[in-house]
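> Let me give you the structure first, and then I'll get to my questions.
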Amino acid sequence: MTNVEKLAKILKEELIPELDENLEEMMDIIDSGDCSKDDKDELKYLEEMKAYFDEVELDIENNNLTEEDALDILEVLEEMRLDKE
């Protein structure tokens, strides 16, 4: 499996669904009116991340992502995963 294929699979099966879920949770917090500045900042960060990965997904679909770029993104995702644990 190529790096682009690995990245596409991770985006489709893990990352984007998780981002969507987190965005929905943050929107519920914001909509409740019981949110802090940190909550608003978190929402903005998640929206920016979602937009970036939607763009990456589009690049994959249009064959505009190199193996090297895919590897770089995979490495960053792995670092994020390790930081989360």
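> So, with +1 on the Cβ of K and R and -1 on the Cβ of D and E, and no other charges, what is the size of the charge dipole of the chain about its Cα centre, to the nearest 20 debye?
80
> Hey, what did region 1-70 get for relative contact order, percent, Cα under 8 Å, at least 6 apart?
51
> Helix 37-61 against the longest principal axis of the chain: what's the angle in degrees, Cα atoms only, rounded to the nearest 10?
The helix 37-61 is inclined about 20 degrees to the chain.
> In square angstrom, rounded to the nearest 10, how much accessible surface does LEU58 have for a 1.4 Å probe?
80
> Next question, about the same structure. Among [x] 3, 15, 19, 14, 10, 10, 11, 11, 6, 1, 0; [y] 3, 14, 21, 23, 16, 11, 7, 4, 1, 0; [z] 3, 14, 13, 13, 12, 13, 12, 10, 6, 2, 0, find the value of P(r) over Cα pairs in 5 Å bins from 0, in percent that was calculated from the structure presented, and write down its label.
The value computed from this structure is option [y].
> Can you count the Lys pairs in the chain with C-alpha separation below 28 Å, eight or more apart or on different chains?
Counting lysine pairs in the chain gives 16.
> Starting from 0.36 nm per residue, how many nanometres of slack lie between ASN62 and MET80 once their C-alpha separation is accounted for?
Numbers: separation 18, 0.36 × 18 = 6.48 nm, distance 2.60 nm.
Once the chain is fully extended between ASN62 and MET80, it gains 3.9 nm.
> Taking a 1.4 Å probe, which of GLU13, GLU5 shows the most accessible area, and what order do the others take after it? Don't skip to the answer; put the middle values down first.
Working: GLU13 120, GLU5 95 Å².
Ranked from most to least accessible, the order is GLU13, GLU5.
> Further question on the same structure: Could I have the simple spin-label model distance between MET1 and TYR52, label points 7 Å from Cα toward Cβ, reported in nm to one decimal?
Between MET1 and TYR52, the label points sit 2.3 nm apart.
The values are calculated or read from the model by the stated rules, or taken from the named source; none is laboratory data. Note that this is a predicted model, so its numbers are computed, not measured. Cβ sites come from the backbone with ideal geometry, for glycine too, and all protein chains shown count toward neighbours. Surface accessibility is based on the protein's heavy atoms, side chains included, excluding ligands, DNA and RNA. Shrake-Rupley method; radii C 1.70, N 1.55, O 1.52, S 1.80 Å.
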